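Input: a single structure, listed below in structure tokens.
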Amino acid sequence: LSHVALRHGTNQATKAQAAQGVLGIASGIFGGSTGGALLSEFGAFAAGGVLLRYSRTAESQADVMGTQVLYDSGYDPRAMAQFFEKLEAETKGQNPPEFLSDHPNPEHRLERVEGEIDKLGGVPRNAKRDSAEFETIKREVLALPVVKKLTPGAAGAAKAPVPPSGNFAAYQAKAYTLKYPDNWKKYADNDANNVSFAPEGGVVDDGTGHAALAYGLIVSVSQATGDPNDWEALNNATERAIHELQKSNPNMKITRQPERVRLNGQPGLATYLSNDSPLGGQETDWMITALRSEGLVSFVCVAPQAAYGKYDKTFNAILDGVRFEK
């Protein structure tokens, strides 16, 4: 309700339309998703920069307004803080770093809610909590049969995307520029450094109602420090990035150890990984990393193992065209 009142959705839609025309994937796939875990970076390489999302600032504003609405309505606003406590407990060890998430970490949201309650003068007297009607509905919901989840790819085999075009379009971020097939769609994140590129049909339902990138490229900039020309610093930053990915992708494995490469003339590491594909079976994830003053820049090329060979030439062409800002 706070997102609607604060017009966050229309604000995001306006930005997206101005930047890239009509967004090809409806934000309704996720709706008002709660928690960064739902959109964990590279979680089956899903939606890290693929879908239209609220910014962390928008989420914080909505948290504050939600607390105010509960207070003004006579409800105990601590319940909102308790919700985030539960969220934190249930996702402990699973959340990506906050800078990789579209939502603030639960513990930070908890602090914000509690701070707003203090500003309002504390919990209102005789604050309302759960109602009898709510408890009745809760019992009815708990009695409903559990719906069997679809396995990835069970919703019907997705048609293979159209082959990548030989013509390329340019994309410029703050830290780098690159070229991508002009028949792929671009899904830029709020800070313009994190972005995904996918062909029509490259983003699919993973079988649980969530969108996942099955074919394409994800580029992200994560926090890391060190000399861009220091191989050891690059290796350490890359190891940390892969470790974070494996937290939310337990079946992800390194299939070929990092190899030294040059990316736009500077040190880079190329690592091959395998992971569960949202289409079923396994996918190949080719991860190329470079250390910059902005942080660790990661390029992750994604395709099902059986089809990866058809995209290898395109992925190499994209990476050959990467240029870093000086």
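The values are calculated or read from the model by the stated rules, or taken from the named source; none is laboratory data. Keep in mind that what you see is a predicted model, and the values were worked out from it rather than measured. Here Cβ is always computed from backbone atoms with ideal geometry, including for glycine, and neighbour counts include all displayed protein chains. Keep in mind that these areas ignore ligands, DNA and RNA; they rest on the heavy atoms of the full protein, side chains included. Shrake-Rupley method; radii C 1.70, N 1.55, O 1.52, S 1.80 Å.
Are there strands (runs of 3 or more DSSP E) fully within segment 240-326 with at least 3 residues that are open to solvent by less than 30 Å² (accessible area, probe 1.4 Å) and among the aliphatic types (A, V, I, L, M)? List them.
Per the criteria, 266-276, 282-292, 295-304.
Within the set of pairs 6+ apart or on separate chains, which have a first residue in segment 248-269 that is of a type in the set (D, E, K, R), a second that is in a strand (DSSP E or B), and C-beta atoms under 6 Å apart?
Close Cβ pairs (under 6 Å, with a partner that is in a strand (DSSP E or B)) amount to 253/274; 256/272; 259/270.
Looking at (1) touching a residue at least 60 places away in the same chain (Cβ under 8 Å); (2) touching an Asp or Glu at 6+ places or on another chain (Cβ under 8 Å), can you tell me which one residue 305 breaks?
Only one criterion is unmet by residue 305, namely (1).
(1) out of contact with any strand residue (DSSP E or B) (no Cβ under 6 Å at 6 or more places or on another chain); (2) at positive phi: which one isn't true of residue 226, the others all being true?
So the condition that residue 226 fails would be (1).
Does residue 188 satisfy the condition of being open to solvent by less than 40 Å² (accessible area, probe 1.4 Å) and either in contact (Cβ under 8 Å) with a residue 24 or more places away in the chain or not assigned by the TED database to the domain that holds residue 277 (or both)?
In short, no.
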